[in-house]
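Participant: Before I ask anything, let me first share the structure, which is written out below as structure tokens.
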Amino acid sequence: MKQQFIQPDEWKIIEEGFDLDRVKSSESIFSLGNGAMGHRANFEEQYTGPSFQGSYVAGVYYPDKTRVGWWKNGYPDYFAKVLNAPNWIGIGVQVNGEHLDLNTATIHSFTRVLDMQVGVYTREVVLTTPNEVKLKIKAVRFLAMFQQELGCIKYSIQLYEQGAELTVSPYIDGHIKNIDSNWDDPFWELKDQQCDGNFAYLHTKTFKSNFDVISYQAVSFFIDGKQTKDFTCEQNKGYNSFVCQTKLLPNQTLVVEKMGGYCSSLQQPVDRLPDHVQNIALEALEKGFDALLKSQKSSWETVWKTADINIGGDTKAQQGIRFNIFQLNQTYTGNNPKLNIGPKGFTGEKYGGSTYWDTEAYCFQFYMATKNKSVAENLLHYRYNHLEKAIENAGKLGFNTGEALYPMVTMNGEECHNEWEITFEEIHRNAAIAYAIFRFEAYTGNKDYVENNGIDVLVGIARFWSKRMSFSQEKKQYVILGVTGPNEYENNVNNNWYTNYAAKWCLDNTLARLAKIASESPETYSKILKRLYLTNSELEQWKEKAGQVFLPHDTKLDIFLQQDGFLDKELTDTSFIPEAQRPINQHWSWDRILRSPYIKQADVLQGFYFFEDDFSNDQLQKNFDFYEPFTVHESSLSPSIHAVLAAKLGRVEQAYNFYLRTSRLDLDDYNAEVKEGLHITSMAGTWLSVVEGFGGMRVKNNVVHFNPQLPKAWKSFSFKINFRGSILELFVSESGSKVTLLEGQPVAVFLNGSAISSDQNKVLT
């Protein structure tokens, strides 16, 4: 563990005391979002110390021309930047003519609290300014879950033993930039700005990608609870503010209520944007901050009703899982099929793009089980809507007969990463998309999506795998050359086991699904063949290739080989890495990493997680025991998979240690990089480690199974799932386990291998 300043609490993230060196980390940890917009926990007032300013609008990006790889045929034209949007949370404060600045003030007390139960961030500071005025700041803010274009701030300044001249200026600042711009291009064009009464906005438009965004604010000022209209509006190009100047007496309090946020052309027609946000802002001001706060609490109560995981007896573990669930719900709500789940969410710029394979491999199950079916369907439709782009992407590799290679990183269906090893070698992501379709049908029982849309995706992916294989005369089998597996610490390898097995599975699964459609609905099957230009000859080719895929295996160790030549490495386990050299990606050359046996994340074991029914526990144990000692878990995605697999092997305490690492990855900053933003998509893995790991939840043959295990550190745990419209709760304690049907129709349940019948509100034991 790298940091220990976050205080343990079951529902809150608490920081006590001000430390300049952890400001950036806290800006990430205390971030807010509501699915449509979000921002880091930057201070409202001026701050001249080290800071990472960041506010983001969902789906809005800039195609920043890539700086490397342009000589490689098919290389992506751009690296999509998640754009830092105009700063709407700003509130300038001057005390007797000097700017209030925590970097120059004397701090007497400092507290931040993120209340995850209600989605509210509070900061309280007692300080003395350089000109010796003592005061207290209290800032409370939230991004509305009930109105996605709305954010609310209540900012108060209280003087102590002496009065002072205050100038308080809530503002919107369009003079912002991204930290990681490749060419220092301007990203935003100012189209218009207006100020009318207590409402103001900036209308900006992105260069190249042409997204229109309105950034707005509406304000009210109060002195000791009495509203004052004594303020003015000031505007400069790309900047507007409301300025309130007043003489504040000792013990008096000035309060600013500020309603603001963003609305983009992804949400409203461009010509309606100004009026739309004005209506939202003025209605919010009319209701007032306290009334809106009640709506916020109600909205989060609804979220937690099905999403919460309750852990008894282990506060840090409880805090960790709720933090992860909270951030997932802040990042993606499922309301808009044009949006997806960015790996940093609204907490940072790293990993430009909104969609990785993380969505299908880790996040999909969380949203499917904690939301209604439509949310999962929106995630699937996102990929279906990008099928033509995936076919175009495969064309860059010379495939032009309907093969689909989904991008590793995308904003609109086009590949937009800037590393060849990622874009055209890490092709295993295709399998995760097919796997999500498979899990959706198994979990929901819904066949419509697969037959109407999903089969097109499956066929495109199967065609890609069929063409990407080549026949080895030496091995007399089909091989897949020049790839990068999930373990990105090995590039351009041959016969990565996970990739090869996933390709085989995709072909077999697509053939099986087509056969099922043919059996159940010959008419539908005929239409699919015609629409997709499928022939029996092509299907026979898939079958032949799937049956002859080379899967590297070592008979002496009885393990699957990560790829050709893995055993040629100097096989020293992770205990040989000096602690001062970890994480190795921040200390070693890339060449040294590639030559080492060290594994960034589960690779072979990722296959055992996805396709667990294809392998015995004995096979899992042998491969787990071989590969885990070489795994450094420097991918945020790795510990959760190991937690699930360790639990399956009955190694509950080992699983618990992996759980702590995945659940507190950001809170304790295991990888020393939280200042760059949170690891949003890996947070779904934390949920998996509890539900599928300790809960042993699986869906097999239309039946949900639970095989729970309780870590020693826990007195109990419980969670809920939405299974085919029925809400089930699993409760596990030292005295045993029970399942309760809370809502919906009775469903078949297996608990510890025994079938249970269910009635509503009946405890199933």
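The values are calculated or read from the model by the stated rules, or taken from the named source; none is laboratory data. This one's a predicted model, so the numbers in the text were calculated from it and none came from an experiment. Here the Cβ is made from the backbone with ideal geometry for all residues, glycine too, and neighbour counts use every protein chain on show.
Participant: One residue is enough: does segment 124-135 have a residue meeting the conditions surrounded by fewer than 20 Cβ atoms within 10 Å (Cβ to Cβ), touching a strand residue (DSSP E or B) at 6+ places or on another chain (Cβ under 6 Å) and under 24 Å from Leu292 (Cα atoms)?
Facilitator: Checked against the condition, which is being surrounded by fewer than 20 Cβ atoms within 10 Å (Cβ to Cβ), touching a strand residue (DSSP E or B) at 6+ places or on another chain (Cβ under 6 Å) and under 24 Å from Leu292 (Cα atoms), segment 124-135 yields at least one hit.
Participant: So which residues in segment 445-482 are farther than 23 Å from His386 by Cα, touching a helix residue (DSSP H, G or I) at 6+ places or on another chain (Cβ under 7 Å) and not in a loop (DSSP other than H, G, I, E, B), if there are any at all?
Facilitator: Tyr478
Participant: Only one of (1) within 18 Å of Arg322 (Cα to Cα); (2) outside any helix (DSSP H, G or I) is not met by Leu660, so which one is it?
Facilitator: Of (1) within 18 Å of Arg322 (Cα to Cα); (2) outside any helix (DSSP H, G or I), only one is false for Leu660: (2).
Participant: Of all strands (runs of 3 or more DSSP E) completely enclosed by segment 691-731, which ones contain at least 3 residues that are not hydrophobic (A, V, I, L, M, F, W, C)?
Facilitator: 716-723
Participant: If you go through segment 68-90 one residue at a time, how many are among the hydrophobic types (A, V, I, L, M, F, W, C), touching a residue at least 60 places away in the same chain (Cβ under 8 Å) and not in a strand (DSSP E or B)?
Facilitator: Residues meeting the conditions: 5.
Participant: Next up: Quick one: is Gly445 in contact with an Asp or Glu (Cβ under 8 Å, 6 or more places away or on another chain) and in contact (Cβ under 8 Å) with a residue 12 or more places away in the chain?
Facilitator: The answer is no for Gly445.
Participant: Just to check your reading of the model, which residue among Lys208, Lys237, Lys229 is more than 39 Å from the chain's Cα centre (by Cα) and surrounded by fewer than 14 Cβ atoms within 10 Å (Cβ to Cβ)?
Facilitator: Selected residue: Lys229, the only one of Lys208, Lys237, Lys229 that is more than 39 Å from the chain's Cα centre (by Cα) and surrounded by fewer than 14 Cβ atoms within 10 Å (Cβ to Cβ).
Participant: Is it the case, given these coordinates, that Tyr406 is surrounded by fewer than 23 Cβ atoms within 10 Å (Cβ to Cβ), over 17 Å from the mean Cα position of the chain (by Cα) and in contact (Cβ under 8 Å) with a residue 24 or more places away in the chain?
Facilitator: Here the answer is no, as Tyr406 does not meet what is asked.
Participant: Only one of (1) surrounded by fewer than 16 Cβ atoms within 10 Å (Cβ to Cβ); (2) out of contact with any Phe, Trp or Tyr (no Cβ under 7 Å at 6 or more places or on another chain); (3) of a type in the set (D, E, K, R) fails for Lys138. Which number is that?
Facilitator: Of the numbered conditions (1) surrounded by fewer than 16 Cβ atoms within 10 Å (Cβ to Cβ); (2) out of contact with any Phe, Trp or Tyr (no Cβ under 7 Å at 6 or more places or on another chain); (3) of a type in the set (D, E, K, R), the odd one out for Lys138 is (1).
Participant: Give me the strands (runs of 3 or more DSSP E) completely within segment 91-200, filtered to those with at least 1 residues that are at pLDDT below 95, ordered by residue number.
Facilitator: Here the list reads 188-196.
Participant: Which one is nearest to Thr315 (Cα to Cα) among residues in segment 683-703 that are surrounded by fewer than 22 Cβ atoms within 10 Å (Cβ to Cβ) and of a type in the set (A, V, I, L, M, F, W, C)?
Facilitator: Going through the qualifying residues, I end up with Val699.
Participant: Using the structure shown, decide if Pro63 is buried (at least 24 other Cβ atoms within 10 Å of the Cβ), modelled with pLDDT under 95 and in the same structural domain as Lys177 (by TED's automatic domain parsing).
Facilitator: So Pro63 does not fit the description; no.
Participant: Let me ask another. Pairs please, first residue from segment 256-282 and of a type in the set (Val, Ile, Thr), second anywhere and assigned to a loop (DSSP other than H, G, I, E, B), Cβ atoms under 8 Å, 6+ apart in sequence or on different chains.
Facilitator: Val277/Glu149; Ile280/Gln147; Ile280/Glu149; Ile280/Leu150
Participant: Select from segment 74-100 the residues that are touching a Leu at 6+ places or on another chain (Cβ under 9 Å), on the phi < 0 side of the Ramachandran plot and surrounded by fewer than 16 Cβ atoms within 10 Å (Cβ to Cβ) and list them in ascending order.
Facilitator: Within segment 74-100, no residue meets the criteria.
Participant: Right, here's the next one. Looking only at segment 663-682, count how many residues are surrounded by fewer than 23 Cβ atoms within 10 Å (Cβ to Cβ) and farther than 17 Å from Gly320 by Cβ.
Facilitator: The number of residues fulfilling the criteria is 4.
Participant: If you don't mind, there's one more thing I want to ask. Mind listing whichever residues of segment 144-192 are among the β-branched types (Val, Ile, Thr) and either without any contact (Cβ under 8 Å) to a residue 12 or more places away in the chain or under 24 Å from Lys226 (Cβ atoms) (or both)?
Facilitator: Those that are among the β-branched types (Val, Ile, Thr) and either without any contact (Cβ under 8 Å) to a residue 12 or more places away in the chain or under 24 Å from Lys226 (Cβ atoms) (or both): Ile153, Ile157, Thr167, Val168.
Participant: Then there is this: Using the structure shown, decide if Asn500 is in contact with a strand residue (DSSP E or B) (Cβ under 6 Å, 6 or more places away or on another chain), assigned to a helix (DSSP H, G or I), farther than 19 Å from Asn453 by Cβ and not aliphatic (A, V, I, L, M).
Facilitator: So Asn500 passes the test.
Participant: I'd like the residue in segment 279-295 that is closer than 27 Å to Lys338 by Cα and surrounded by fewer than 19 Cβ atoms within 10 Å (Cβ to Cβ) and, out of all such residues, is nearest to the chain's Cα centre (by Cα).
Facilitator: The extreme case among them is Ser295.
Participant: Is there a residue in segment 424-436 that is of a type in the set (Gly, Ala, Ser), in a loop (DSSP other than H, G, I, E, B), in contact with a helix residue (DSSP H, G or I) (Cβ under 7 Å, 6 or more places away or on another chain) and buried (at least 19 other Cβ atoms within 10 Å of the Cβ)?
Facilitator: Within segment 424-436 (the criterion being of a type in the set (Gly, Ala, Ser), in a loop (DSSP other than H, G, I, E, B), in contact with a helix residue (DSSP H, G or I) (Cβ under 7 Å, 6 or more places away or on another chain) and buried (at least 19 other Cβ atoms within 10 Å of the Cβ)), the answer is no, since none of the residues qualifies.
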